[in-house]
Amino acid sequence: MNHPAEIKVHQYLASVQSGDATLSDEVIEQVTKDVRDALVRQFSKRDDKFRLRMSNIGRDYCQLWFDKNDPKAAIPFSTNFIINMMIGDIVEAVFKGLLVQSGVTFSNGERVTWDLEAGVSIDGTPDLIMGGKVDDVKSASPWSYENKFKDYTTLAEKDSFGYIAQLAGYSEAAKVQPGGWWVINKANGEFKYISAEGINVAQVAENTKVKIAKLAENKFEKCYEAEEETYRKKPTGNTILGKECQWCSYRYKCWPGLKEMPSLVSQAENKPFVSYVTIDEKYAV
């Protein structure tokens, strides 16, 4: 544990389990309202017009270019996508309720605007402000909880969803210091705090301005190259997508001829799926 509020929440939950504490009607009402607001938001008609938001400014330029110019090229979300989003919203609502009931002092974030160069403004609403710092609440899969949200350094290495830029944007817009992320494991309810200590807000702001300028020029460019596949540390002759591209909804548009299939080289009984950009002729069937 590296945040005083973590201890308070654990102490409160222990008191609930021992029968010495309950959840107040006021907190239940607030959690209920937050979940209702999330239902309205998730099940309302979506505005497909492209705009920069706190939640997307940290994404790679190539993804933003497609969002702006060719959104229909995206692979459709699975039908369980909204349910998954609702799980995250419910987790956030309940966790904030636990913070309140545990006696943690914080304020809900209000809508803020980050004014950048060339008249560009980005709006967003941070999750909470605690101790003069802005925090975000994230629900995570077990894998992400253990691997992506291990610490700030690990998150910064593979921040495909732009969580760092999002927090930096909130910090700049709200005129408060960046705090970090409250991360809850959706599978078992574990939670932890990841401090953003070490974040360079000025550098994030500069990177964002460069990205905005490129979007104004509107020239497409790939952000990554295909990677050489190796098996037992030896090249196979195939090329594959890197992790960043594997999660992109535009990967088929960006990489014509892409083939996603069980590994051509793995000897495992359950072969992992691999995104092949090119396949060496020796694997042709």
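Structure values in brief
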quantity: Residue 131 surrounded by fewer than 18 Cβ atoms within 10 Å (Cβ to Cβ), free of Cβ contacts under 8 Å to residues at least 24 places away in the same chain and not assigned by TED's automatic domain parsing to the domain that holds residue 243; calculated: no
quantity: Of residues in the stretch 251-270 being within 20 Å of residue 234 (Cα to Cα) and of a type in the set (S, T, N, Q), the one modelled with the highest pLDDT; calculated: 263
quantity: Flag for residue 114 being free of Cβ contacts under 8 Å to residues at least 40 places away in the same chain and either among the aromatic types (Phe, Trp, Tyr) or closer than 28 Å to residue 22 by Cα (or both); calculated: no
quantity: Residue, surrounded by the fewest Cβ atoms within 10 Å (Cβ to Cβ), within the stretch 151-168, restricted to residues that are in a loop (DSSP other than H, G, I, E, B) and under 14 Å from the mean Cα position of the chain (by Cα); calculated: 158
quantity: Residue match in the stretch 261-277 (condition: among the β-branched types (Val, Ile, Thr) and either within 25 Å of residue 157 (Cβ to Cβ) or out of contact with any Asp or Glu (no Cβ under 9 Å at 6 or more places or on another chain) (or both)); calculated: yes
quantity: Residue 2, sole failed condition from (1) within 23 Å of the chain's Cα centre (by Cα); (2) in a helix (DSSP H, G or I); calculated: (2)
quantity: Search result, residues across the stretch 248-285 that are more than 26 Å from residue 222 (Cα to Cα) and of a type in the set (Gly, Ala, Ser); calculated: 266, 268, 284
quantity: Failed item, numbered, when residue 50 is tested on (1) touching a helix residue (DSSP H, G or I) at 6+ places or on another chain (Cβ under 7 Å); (2) in contact (Cβ under 8 Å) with a residue 40 or more places away in the chain; (3) hydrophobic (A, V, I, L, M, F, W, C); calculated: (2)
quantity: Odd one out for residue 171, checked against (1) among the small types (Gly, Ala, Ser); (2) closer than 20 Å to residue 207 by Cα; (3) surrounded by fewer than 19 Cβ atoms within 10 Å (Cβ to Cβ); calculated: (3)
quantity: Any hit, the stretch 225-246, residues being among the basic types (Lys, Arg) and either crowded, with 18+ Cβ neighbours inside 10 Å or in contact (Cβ under 8 Å) with a residue 60 or more places away in the chain (or both); calculated: yes
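The values are calculated or read from the model by the stated rules, or taken from the named source; none is laboratory data. Since the structure is predicted, the reported quantities are computational estimates derived from the model, not experimental observations. For neighbour counting, all protein chains shown are included, and Cβ atoms are generated from backbone atoms with ideal geometry for every residue, glycine included.
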